Amino acid sequence: MSVGQIAHAVSVGVVGAGQIGRTVAHAFAEHGPVVLMDRDPDALAQATAAIRRAHLARLLRKATTVPGDVLMERITTTGDLHRAATAGLVVENVTEDAELKLAVHRGLAAAPPGTVIAANTSVIPISFLAKAHEDPGRLLGLHFMIPATEIRTVELITGPATAQATAERATRILDDAGFAAVTVGDGPGFVANRVLMPMVNDAAALVRTGVAAPADVDAVFTACNGHRLGPLATADLIGLDTVVHSLRMLVRFTGEERFQPDPLLLRLVGEGRSGRKAGRGFFSYGTGAA
Ligand SMILES: NC(=O)c1ccc[n+]([C@@H]2O[C@H](COP(=O)([O-])OP(=O)(O)OC[C@H]3O[C@@H](n4cnc5c(N)ncnc54)[C@H](O)[C@@H]3O)[C@@H](O)[C@H]2O)c1
């Protein structure tokens, strides 16, 4: 057994190596073996480099004792979905697109019995993704916050068909890896994004209509309201493209037009200013690539 590895750590498959998936893979690799899957080899290469950098920063801050080479040896990268599905827990983190996720979940339905399958989605109801599964009892939602290495509490979403045993097993696996869970019911955006996404959208509208500059919008939340980050810095961290996808999924699954993405969000994404990962969004981040 290597440093920091828990004797009974289950293997974790992480599907989607983008902004959040790479931090989920990193967090679980501090406790045991991880298979990180993406259809895009460049995403896997970028994820590996980002995990290496982020881990060095965690070692310097003494946030972990797992040596960098041990961590990286625990992460296997692959383009094969079925390899990632052969794990105790699979966390799906592909792009926030309902049909795309449904197709990936059809592939995950072939996972061996006993595997817990988790959708890490910002908005898409678990009941919708359950349609892809022969056994929807083993599907639940685990909504990780970015970066998952630092924010150790997740929203655990039980869909109408989620088995009690699945929720209990997921809670145990999370607990072993140092995560706490807040259990919530199913519904578009669950709790976090049903509140956060319209807040980001409204904050963007305030900037677009000239009521306040981005830094001043955020200062009201950080300095006056005690938030750790303002809504616009949070949106940059999430990725403005993912914010736009999430708002569109809120429109689709609630039927409410009030969630339509603000024109300023659409313009920024259209200009390639998709937030921290691009080096620019509402704010600038030097060379970028978080
Ligand atoms: N960014 C966040 O803060 C955050 C937090 C929690 C949950 N989420 C959710 O996690 C998911 C991913 O978000 P993200 O911000 O990482 O997006 P992203 O665009 O950064 O990454 C998505 C990744 O999915 C990969 N992908 C797409 N289709 C695939 C397929 N068929 N098979 C394998 N890989 C595929 C892409 O190549 C890409 O690397 C979304 O559902 C999002 O709503 C995001």
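Couple of notes before you dig in:
- Trypsin sites (Lys or Arg not before Pro) within the range 36-138, DSSP loop, no more than 13 other Cβ atoms inside 10 Å: Arg61, Lys62
- For the residues Thr78, Thr23, Thr149, a GNM of the chain with alpha-carbon springs under 10 Å puts the largest fluctuation on Thr78.
- Dividing the mean sequence gap of close Cα pairs (under 8 Å, 6+ apart) by how many residues the chain holds gives a relative contact order of 14 percent.
- Normalising the average separation of contacting C-alpha pairs (under 8 angstrom, six or more residues apart) by the number of residues puts the relative contact order of the range 144-238 at 22 percent.
- Take 221-231, 89-99, 116-126, 150-160 and order them by the average number of nearby Cβ atoms within 10 Å per residue, most first; the result is 116-126, 89-99, 150-160, 221-231.
- When the helices of the chain are scored as -39500 (n - 2.57) per DSSP H run of n ≥ 4 and the total is divided over every residue, the value at 222 nm lands at -12500 deg cm²/dmol.
- The chain: angle of helix 98-108 to the longest principal axis, Cα-based, in degrees nearest 10: 10
- Accessible surface, the range 12-185, averaged per residue in Å² (probe 1.4 Å): 39
- Listed by chain and number, the aspartates and glutamates placed with their C-alpha closer than 12 angstrom to that of Lys101 are Glu92; residues fewer than eight positions away on the same chain are left out.
- When the charge dipole of the chain is built from unit charges on Cβ atoms (+1 for Lys and Arg, -1 for Asp and Glu) and taken about the Cα centre, the candidate among Thr162, Pro136, Val70 whose Cα reaches farthest toward its positive end is Val70.
- With every protein chain in place, the chain: carbon and sulfur % of accessible area (1.4 Å): 56
- Using heavy atoms of the protein chains and a probe of 1.4 Å, the accessible area assigned to His143 is about 10 Å².
- Projected label points at Leu56 and Asp135, each 7 Å from Cα along the beta carbon direction, are separated by 4.3 nanometres.
The values are calculated or read from the model by the stated rules, or taken from the named source; none is laboratory data. None of these values were measured; they are calculated from a predicted model. Cβ coordinates were reconstructed from backbone atoms using ideal geometry, including for glycine residues, and neighbour counts include every protein chain displayed. In case anyone asks, the SASA skips ligands and DNA or RNA and just uses the protein heavy atoms, side chains included. Shrake-Rupley method; radii C 1.70, N 1.55, O 1.52, S 1.80 Å.
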